[in-house]
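Heads up, the thing below is written out as structure tokens.
Values in this text are rule-based calculations from the coordinates and carry no lab data. This structure is a prediction, so every number in the text was calculated from the model and none was measured. Glycine gets a Cβ as well: all are built from the backbone with ideal geometry, and neighbour counts include every protein chain shown.
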Amino acid sequence: MVERPERRVLTGADLKAFYKALANPVRRDILSYLGEHGEANSTSVAKALGESTGTTSYHLRKLADLELIAEIEERSSGRERWWKSLMKDIYTPPGLNLTPDEREAALKLGALKMSHDLGLVTRAYAGYDSSAGWNQIYRSGLHLTKDQVASFVEEYQNLVWKYVTEPGKHPEGSRAMAVRLVVVPEAESTED
């Protein structure tokens, strides 16, 4: 278990930058690679992803600009720069006052994430019987107050952080697991 980092709240401007960055599949692949391996240089990332070192160097710098990764200065020398994944607890609070283009970026970022998640769910159902227990699917419905929703989500987040390991330091026999929580009313309501 690692110590939960300080929560990073994304503002409207951040949402635009994150969407632009994460819409690029190479950047998503780099984040996955560093999340699995912990640290790497552009050469090892390029080799793993089948990209040129120039391409990976460019994208590594862009991810560092967003503070999703950081250079490991003590390992870097000359043109060889080493990078590590940064543990982040990133959150976009509901009710942000967004400009129309920020709102559009937030919706596109959400759609990008949900598109990926839909592929995971489809794969989980398709391989459910043959997954030897790795695929777990659970759906539920509850009646909750707004305060209970906030408490439920906080407890869920604390549970997830209980199992988080540092990039590159995962337990033997572990696999990267996609865990998602979506808490949304079954039907739209005009009530607060």
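Output the peptides 67-77, 115-125 sorted from most to least packed, where packing is the average of other Cβ atoms within 10 Å over each peptide's residues.
Averaged packing, sorted descending, gives the order 67-77, 115-125.
Go through 154-166, 9-21, 83-95 and give me the packing order, highest mean Cβ count within 10 Å leading.
By packing density, highest mean first, the sequence is 9-21, 83-95, 154-166.
Starting from the Kirkwood radius over alpha-carbon pairs of region 29-73, derive D by Stokes-Einstein at 20 °C in a medium of 1.002 mPa s and give it in µm² s⁻¹.
On the way: Rh = 10.3 Å.
Roughly 208 µm²/s, to the nearest whole number.
State the extension gain, in nm to one decimal, for the chain segment bounded by R4 and S174, taking 0.36 nm per residue of separation less the distance between their alpha-carbons. Could you put the intermediate results ahead of the total?
Details: separation 170, 0.36 × 170 = 61.20 nm, distance 2.01 nm.
Length gained between R4 and S174: 59.2 nm.
Based only on the alpha carbon positions, what is the Kirkwood hydrodynamic radius of region 88-175, in angstrom? Could you put the intermediate results ahead of the total?
Working: mean 1/r = 0.0598 Å⁻¹.
Kirkwood hydrodynamic radius for region 88-175: 16.7 Å.
Residue by residue, what Karplus-based ³J(HN,Hα) values in Hz, rounded to whole numbers, does region 93-102 have, using 6.51, -1.76 and 1.60 with θ = phi - 60° and x for Gly and Pro?
Those phi angles translate into x, x, x, 5, 7, 10, 6, x, 6, 5 Hz.
A111 to I72: extension gain in nm, 0.36 nm per residue of separation minus the Cα-Cα distance?
Values: separation 39, 0.36 × 39 = 14.04 nm, distance 3.27 nm.
Difference between extended and current length: 10.8 nm.
Per residue and in Å³, how big is the convex hull formed by the alpha-carbon atoms of the chain?
Numbers: hull volume 30.7 nm³, N = 192.
Considering the Cα atoms of the chain, their hull volume per residue is 160 Å³.
Let's test this: bin the Cα-Cα distances of region 1-69 at 5 Å from zero up to the farthest pair and state each bin's percent.
3, 15, 27, 23, 16, 11, 5, 0
Across region 150-164, in residue order, what do the Karplus-derived ³J(HN,Hα) couplings come to in whole Hz, using 6.51 cos²θ - 1.76 cosθ + 1.60 with θ = phi - 60° and x for Gly and Pro?
Listing the rounded values in order: 4, 5, 4, 5, 4, 5, 4, 4, 5, 5, 4, 5, 4, 9, 5 Hz.
Could you give the length gained by full extension between W161 and E104, i.e. 0.36 nm per residue of separation minus their alpha carbon distance, to one decimal place? Let's see the in-between values first.
Numbers: separation 57, 0.36 × 57 = 20.52 nm, distance 2.99 nm.
Length gained, W161 through E104: 17.5 nm.
How high is the FRET efficiency from L144 to A124, r the C-beta distance, R0 30 Å, rounded to 0.05?
Values: r = 25 Å, r/R0 = 0.84.
Between L144 and A124 the formula returns 0.75.
Using the Karplus curve 6.51 cos²θ - 1.76 cosθ + 1.60 with θ = phi - 60°, what ³J(HN,Hα) values do you get for each residue of region 140-147, in whole Hz, with x for Gly and Pro?
Along region 140-147, the couplings run 8, x, 9, 10, 10, 7, 4, 5 Hz.
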